[in-house]
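Presented below is the structure to which this report refers.
The values are calculated or read from the model by the stated rules, or taken from the named source; none is laboratory data. Computed from a prediction, not measured in an experiment: that's the story for all the values here. All Cβ positions, even for glycine, are placed from backbone atoms using ideal geometry, and neighbour counts span all protein chains on display.
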Amino acid sequence: MNIVVRKLRLEDYEGLKQSMIEAYGNVGGYWHKSSINKLIEVFPEGQFCVEVDGKVAACALSIVVLYELYGNDHTYQEITGDFSFDTHTDDGDILYGIEVFVGPEYRDLRLGRRLYDARKELCEKLNLKGIIIGGRLPNYHKYSAELSPRDYINKVRAKEIHDPVLNFQLANNFHVIRVLKNYLKGDTQSEEYAALLQWNNIYYSRKKNAMTDSIIRLGLVQWQMRPFKDIAAFFEQCLFFIDVLADYKSDFVMFPEFFNTPLLSAYNHLPEHEAMRALSEHTEAIKSKLSEYAIAYNVNIISGSMPYVEAGLLYNVSYVLHRNGKISEYRKIHITPNEKKYYGITGGDKIRVIDTDCGKIGVLICYDVEFPELSRLLADQGMKLLFVPYLTDTQNAYTRVRACAQARAIENECYVAITGCVGNLPGVSNMDIQFGQAAVFTPSDFAFPVNATKAEATPNTEMTIIVDVDLNLLKDLHYNGSVRTMTDRRKDLYELKLKNK
């Protein structure tokens, strides 16, 4: 008999599906291929299988989560992001086990122990605090009439009752943290109870530069439109703000939408759409320089937005320049009538959170924040900080952005930071006047300011604001708030989901 523990591959799916059907029978069904593909895509190291004589006989699936965002009172649906696995983050601190099964004909081979050993080795390799799982109690329904879940667990621990799942977990040095209620919907054998179990990594040490604290410092640049003689002068102004905000230990620095448009003055002789495409020729150089600054000054930079041409199409793109050198991007999805008319900008088509060393963030550009579906989709993916760089010419345009941003903070239980350009830029078509007021908005409950505004700048004045936000307050709001907008949605009546292209 040839037994191999290895990483799961997508081509294993049919064998995995058959083994899971055999393992669970009529209970629980099986994972769809799209789900396995997503897990392998986001966290290939965490998906293991055991191959016996060329056949997939057992499997273990897992994700990494920032556990403080969920705590010890969560459901399976919550920890998996409604089974999307968008709760996985490379900067998490706990390996969360979401599935283990062994085909019935192989259960005497102790394959489950091999899978758990592989998980433990991975946990130590990634320097995570430990492994947590929600363990089903498949035999509880036989005793529920006379035993509470706690009493049942105690009797299993004392070996007075046999439970195949719990006995296995305890034998692998997991300890019970608490009993979870309504953990896995439809698990009638466990009566939807589960034992929350943990294995501690004794080799864990706090990662250098890891941002596992709950306090995140935001630095927002309210950018004065001014002429620049060349791109070097533009970089000098950028560096001034980055240097200052880094000195104040900011985790993020955000610039406004189209903050590089003063460089348009060199192309003012061209029609607007040609001038914007000419400006886009600077985007790669600006992105590269800001990435250098992010690394050198140890700060994550939200680069406002800039024009970018790809395959002949012009996009409005915001880059997230991570302090570890990684670069992420977001393309504005909703294009205003003026952007279409004068510049011919095309809307992007991707809505997804961005993993940072401070947790999951979202970026929406200006007009996008006026469409509540986008931020709700990001919130469902685990977003806790939403950054909105904007460019508004008049006060009523700014009011639309501000009012919608504040609503997004309340309805999605998150922080929303906005910043824009201010002042005038004579001689540049369609960029001549600006109105702006940077701000950070919060949910509206007792732990937050009574006006749901953490801080705001002086209108139409070049300045910065530096704001601390606490992710733990969001976590407490989610579970104990006066209202719980994310939890109390009537998903039995409606749903919001992305369309697959």
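From the set of residues in region 102-114 that are surrounded by 22 or more Cβ atoms within 10 Å (Cβ to Cβ) and of a type in the set (A, V, I, L, M, F, W, C), which is nearest to Gln77 (Cα to Cα)?
Only one residue fits best here, namely Val102.
For region 1-87, please list each of the strands (runs of 3 or more DSSP E) lying entirely inside it that holds at least 3 residues being within 27 Å of Asn500 (Cα to Cα).
55-65
Among the residues of region 360-381, what is the count of those that are surrounded by 23 or more Cβ atoms within 10 Å (Cβ to Cβ) and either part of a helix (DSSP H, G or I) or within 12 Å of the chain's Cα centre (by Cα) (or both)?
10
Hey, can you tell me all the residues within region 393-430 that are surrounded by fewer than 22 Cβ atoms within 10 Å (Cβ to Cβ), in a loop (DSSP other than H, G, I, E, B) and either of a type in the set (Asp, Glu) or in contact (Cβ under 8 Å) with a residue 24 or more places away in the chain (or both)?
Residues satisfying the conditions are Asp393, Thr394, Leu425, Gly427, Val428, Ser429, Asn430.
From the list Lys33, Lys17, which residue is touching a Leu at 6+ places or on another chain (Cβ under 8 Å), surrounded by fewer than 21 Cβ atoms within 10 Å (Cβ to Cβ) and either hydroxyl-bearing (Ser, Thr, Tyr) or not assigned by TED's automatic domain parsing to the domain that holds Thr356 (or both)?
Lys33
Residue under question is Leu61, and the condition is that it be outside the structural domain of Lys326 (by TED's automatic domain parsing), within 30 Å of Asn480 (Cβ to Cβ), among the aliphatic types (A, V, I, L, M) and in contact with a Gly (Cβ under 8 Å, 6 or more places away or on another chain); does it hold? Give the derivation first.
Numbers: outside the structural domain of Lys326 (by TED's automatic domain parsing): yes; within 30 Å of Asn480 (Cβ to Cβ): no; among the aliphatic types (A, V, I, L, M): yes; in contact with a Gly (Cβ under 8 Å, 6 or more places away or on another chain): yes.
No: the conditions fail for Leu61.
Keeping to region 257-295, report how many residues are at negative phi, among the hydrophobic types (A, V, I, L, M, F, W, C) and in contact (Cβ under 8 Å) with a residue 60 or more places away in the chain. Before you say what the answer is, go through the steps one by one.
Quick first cut of region 257-295, residues at negative phi only: 257, 259-295.
Subsequent filtering for residues that are among the hydrophobic types (A, V, I, L, M, F, W, C) retains 259, 263-264, 266, 270, 275-276, 278-279, 285-286, 290, 294-295.
This time we only want the ones that are in contact (Cβ under 8 Å) with a residue 60 or more places away in the chain, so: 259, 264, 275-276.
Here the count works out to 4.
For residues that are crowded, with 17+ Cβ neighbours inside 10 Å and not aliphatic (A, V, I, L, M), scanning just region 314-325, find the one that is farthest from Leu391 (Cα to Cα). It would help to see each step written out before you state the result.
Residues of region 314-325 that are crowded, with 17+ Cβ neighbours inside 10 Å, as a first pass: 314-323.
Still in the list and also not aliphatic (A, V, I, L, M): 315-316, 318-319, 322-323.
Values: Tyr315: 15, Asn316: 12, Ser318: 13, Tyr319: 16, His322: 23, Arg323: 25 Å.
In this case the residue turns out to be Arg323.
How many residues are modelled with pLDDT of 95 or more and under 18 Å from Val440 (Cβ atoms) if we restrict to region 236-249?
Residues flagged as modelled with pLDDT of 95 or more and under 18 Å from Val440 (Cβ atoms) within region 236-249 amount to 3.
For region 337-359: of the residues being over 8 Å from the mean Cα position of the chain (by Cα) and of a type in the set (A, V, I, L, M), which is surrounded by the most Cβ atoms within 10 Å (Cβ to Cβ)?
It comes out as Ile345.
For Ile40, state whether it is β-branched (Val, Ile, Thr), in contact with a strand residue (DSSP E or B) (Cβ under 6 Å, 6 or more places away or on another chain) and without any contact (Cβ under 8 Å) to a residue 40 or more places away in the chain.
no
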